[in-house]
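Inspection log for the structure reproduced underneath, given as structure tokens.
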Amino acid sequence: MSDDRQPAQDGQGGPAWERLEDQLAWYDRKSVAAQQAYKRVKLSQLVVGAAVPVAAGLQISAAVTATLAAFVVVAEGVQQLYQWQTNWVLYRSTAEVLKHEKYLYLAAAGPYSTNDRHRVLAERIEGLVSQEHAKWTEARQKDSQTSRTPTTRS
């Protein structure tokens, strides 16, 4: 029987380890994708937004100027709809916490210094993933409520 306190030599620590690796890869991949999408949209908004006054100053047709301005508005609407910045931050945060757990587990440190570390890993990983899901759901509900709340003028 092997010592449960030793990190697995072949990188396999059972279902909890596989879940950790799977979730870490997913959150890392989704964070990168959300960051890239957010930065692409924001950069295009900056470039096209800066072109609006230039087009107006050069007296380019009003249709072209209006189309450029409309693009900026639509791009912001798309960003609000897909929440790339929020997802980037939430997913990166979760990925970093999962990395932290991974290194503690491999070092048999902190909560993983017991003989029952595989169970502790499973419980902590599922707790972290559940917390992220709750944050994601809460953010979506706030966005939904904000978009439905009529604005009042003072």
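The values are calculated or read from the model by the stated rules, or taken from the named source; none is laboratory data. Because the structure is predicted, anything quoted here is derived from the model rather than measured. Every residue, glycine among them, receives a Cβ derived from its backbone with ideal geometry; neighbour counts consider all protein chains shown.
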- Message: Suppose we keep only residues that are surrounded by 14 or more Cβ atoms within 10 Å (Cβ to Cβ), closer than 20 Å to LEU81 by Cα and of a type in the set (Gly, Ala, Ser) within region 25-69. Which one would you say is farthest from the chain's Cα centre (by Cα)?
- Response: ALA69
- Message: Could you list, ordered by first residue, the pairs with Cβ atoms under 9 Å in which the first is in region 107-127 and in contact (Cβ under 8 Å) with a residue 24 or more places away in the chain and at positive phi and the second is surrounded by fewer than 13 Cβ atoms within 10 Å (Cβ to Cβ) and among the charged types (D, E, K, R), at least 6 apart or interchain?
- Response: ALA108/ARG5
- Message: So for region 22-35 (the condition being at pLDDT 95 or above, in a helix (DSSP H, G or I) and over 30 Å from LYS102 (Cα atoms)), does at least one residue qualify?
- Response: no
- Note on the structure: Reported set for region 1-21 where residues are surrounded by 12 or more Cβ atoms within 10 Å (Cβ to Cβ), aliphatic (A, V, I, L, M) and at pLDDT below 95 is ALA8, ALA16
- Task: Tell me, please, whether a residue that is among the small types (Gly, Ala, Ser), surrounded by 16 or more Cβ atoms within 10 Å (Cβ to Cβ), in contact (Cβ under 8 Å) with a residue 12 or more places away in the chain and out of contact with any Lys or Arg (no Cβ under 6 Å at 6 or more places or on another chain) can be found in region 80-102.
- Result: yes
